[in-house]
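Each reported figure results from applying straightforward, stated rules to the coordinates on display, with no laboratory input. Remember, it's a predicted structure, so these values are computed and weren't measured experimentally. Every residue, glycine as well, gets a Cβ built from its backbone with ideal geometry; the counts of neighbours run over all protein chains shown.
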Amino acid sequence: MYLSSIEERIINGEFGSAKALALKVIVKVGESLGAQELITINHAHVSGISYLNIGDSGIEFIEDVVASGGSVEVFTSANPYMVISDYLGKKHADQTIEKQLRIINSLNKIGVKFYTCAPYNVRPPRFGEHLAWAESNAVLYANTVLGALSNKEGGPLALLAGIVGRTYKSGVHILSNRKPKVLINSAGVNESEVGFLGLMIGELVGERIPYISGLKFRDTYHLKLFLAALGTTSNIPMAVIEEVTPEYKELMRDVSYEEVFNLSYSDIKSYVRRFMREVISGRGLYLIGCPHLSFNELVHVLNRLLSEINNVRGPLDLGSRELWLTTYEGFVSNAVLELVNGLAKYNVKVLPNVCAVVSRLDLLGVDYVVTDSTKACSYISRLSKIPVLVVPTNDLIKMYFTNKLSVDL
Amino acid sequence: MSFLGDLDVDRGYLVGYGSVSNKLLVFPGSSGSTVGPYVIYSLAKKSLAPAAMIVKNPDTLLITGCVLSNIPMVIASDWVGLAETLKECTRARCYGKLLSSEGVLIVE
């Protein structure tokens, strides 16, 4: 790989051992992928920071980075961590929480700002900007919706990229690699099906960037749910979506597709039916915010909740359920805080910086989950091994107050 | 093989195969668990990591783990030829000092 003189000096240790090791890793990984040079990045986003995910070995590594004087060179955010507050009075073990806090403490020392799976909300990248992001939904959103350029960086690579402000130039950092390889002609779907369609298309495309035509998204929130699902069942860093991807017309020029998939509405419907569930009972967790809610989305959901409360007739028994709205820190306008405080007595919690998916909900005593996110459904049912029901956001809010778990697929 | 689940990070023991510590680990590739690099790093700090690796299909996480831990890793472009050579070597006891003292662990 060609290195500039400053990069040579970094790798030779002139700027400290942490930067030297970080660049060495990036160069070796880049070389194995055929990269010939490095590129500077403006934003790194680190994944895999939940103690339940990376364990003691992960803590050891991150604490060693701090000890060797590692600090980030560019804006660096990280994924949310496991929930450290309680669910109906029950928490993760003290020792587990203590280890999670050690990880956060070290990341803070390295210079990480914001813990969210939606870094595009806290620092929206510009068109054409190079990034080293690791979270699948965020990478898909940056490439597909904003026209920024990021591969899906695995493991500690994004943290190392933040420390040296560089990554290797390969994959979708190269414009010719952003062309779609398969064509998806999809029937239009409604709000309740969009997340399932994301899972379905992800299974079809595997490693190939699709061009997706025929879909309309009601709003950014549903686009986020769709892309998060796409990143759950595939490894692709981007999709090209008609009238969504800024440069979709250029990317489609002279494209020849390896495969074409025509998805009829009945194909999609029969895929969705796979997720039909038996009636579930016990202690429920209602979850909105996978991916994390933006400020506007949070306010919208809070207002929906308030108007639903006004519709409730008769006494409410919420003793066996909680509703979590997961988001990032920074929504603290007084008006919003007032809304949030007013909802506390209904077991509604706004949880910043955390993620239900990377928590062990089974250990918190959750018997079932109701969410509007098929990504959350897919991971929670695998990691926490509890039943998960997926319903549209507005239905979820209604169900939370009525506790009537019916779903018509 | 998976560095998360298949490998005991406190003992350097690969389930079903035995110790990887200080051996030449020959294997087709690892499943891309994001924890893999941390596990390799942690093994190396405890002096329980393989001395070197020969891999058929390395992924970026495996490379990351090896560079962080200073473990030499070689990509085998001729995997079938390598397997035959290793079998021959095992019969003829022709490996060098590292391998004869610590051994080779081949994971099919």
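Once you order the gyration tensor axes a ≥ b ≥ c over the Cα atoms, which shape class does the stretch A:251-409 get: rounded for a/c under 1.5, otherwise prolate or oblate by comparing a/b with b/c? Note, shape of the stretch A:251-409 comes out prolate.
Compared with the dominant principal axis of the Cα atoms in chain A, helix A:17-32 is inclined by about 90°. Fewest-first ordering of A:MET1, B:MET73, A:MET200, A:MET276 by other beta carbons within 10 Å of each residue's beta carbon gives A:MET276, A:MET1, B:MET73, A:MET200. Taken along the Cα-to-beta-carbon direction at a fixed 7 Å, the label points for A:GLU14 and A:GLU278 span 6.7 nm. Label separation (A:ASN303 vs A:ASN334): 2.1 nm, computed from points 7 Å beyond Cα along the C-beta direction. Taking each DSSP H run with n ≥ 4 as -39500 (n - 2.57) and averaging over every residue of chain A yields -12000 deg cm²/dmol at 222 nm. The mean number of Cβ atoms from other chains found within 10 Å of a Cβ in peptide B:34-44 is 6, as a whole number.
For B:MET73, the amide hydrogen comes within under 5 Å of the amide hydrogens of B:MET53, counting only partners 5 or more places away or on other chains and with H modelled in the peptide plane. The alpha-carbon of A:LYS169 sits under 16 angstrom from the alpha-carbons of these aspartates and glutamates, leaving out residues fewer than 8 places away in its chain: A:GLU7, A:GLU31, A:GLU37, A:GLU129, A:GLU153. If the elastic network links every pair of Cα atoms under 10 Å, which of A:THR76, A:THR232, A:THR167 fluctuates the most in the Gaussian network model of chain A? It is A:THR232. May I ask for log10 I(q)/I(0) of the protein assembly as shown at q = 0.10, 0.12 Å⁻¹, from a Debye sum over the Cα atoms as equal point scatterers with solvent left out? For the protein assembly as shown at q = 0.10, 0.12 Å⁻¹, log10 I(q)/I(0) is -0.84, -1.17.
What FRET efficiency comes out for A:GLN95 versus A:GLU60 if R0 is 22 angstrom and r is the Cβ-Cβ distance? Round to the nearest 0.05. In this case the efficiency is close to 0.90.
Relative contact order for the stretch A:1-95: 28 percent, from Cα pairs under 8 Å spaced at least 6 residues apart, divided by residue count.
Take chain A, connect every pair of alpha-carbon atoms lying under 10 Å apart with a spring to form a Gaussian network, then pick out the residue of A:LEU197, A:LEU337, A:LEU131 with the largest mean-square fluctuation. Among A:LEU197, A:LEU337, A:LEU131, the largest GNM mean-square fluctuation belongs to A:LEU337. Ordering A:GLU322, A:GLU308 by the number of other Cβ atoms within 10 Å of each residue's own Cβ, fewest first, gives A:GLU308, A:GLU322. Once a ≥ b ≥ c are taken as the square roots of the eigenvalues of the Cα gyration tensor of the stretch A:175-331, is the result rounded (a/c under 1.5), prolate (a/b larger than b/c) or oblate (a/b not larger than b/c)? In terms of gyration-tensor shape, prolate.
By the beta-carbon count within 10 Å of each Cβ, the least crowded to most crowded order of A:ASP367, A:ASP219, fewest first, is A:ASP219, A:ASP367.
Loop-located trypsin sites (Lys or Arg not before Pro) across the stretch A:174-264 with a Cβ neighbour count of 12 or fewer within 10 Å are A:LYS216, A:ARG218, A:ARG253, with loop assigned by DSSP. Of all the options A:SER32, A:SER106, A:SER85, the one that moves most in a Gaussian network model of chain A with Cα springs shorter than 10 angstrom is A:SER32. Between the stretch A:329-360 and the stretch B:10-86, the alpha-carbon centres lie 43 Å apart. Neighbouring Cβ atoms from other chains, within 10 Å of the Cβ of residues in A:56-68, number 4 on average. Inside 10 Å of the C-beta atoms of A:125-136, what's the mean count of C-beta atoms belonging to other chains? The shielding value for this peptide is 0.
Suppose a student asked you for the relative contact order of chain A, using Cα pairs under 8 Å spaced at least 6 residues apart; what percent would you report? Reported as a whole number, the value is 17 percent. The stretch A:237-255 and the stretch A:112-154 have their alpha-carbon centroids 17 Å apart. For the stretch A:44-203, the square roots of the Cα gyration tensor eigenvalues, ordered a ≥ b ≥ c, give a/c of at least 1.5 with a/b no greater than b/c, which places it in the oblate category.
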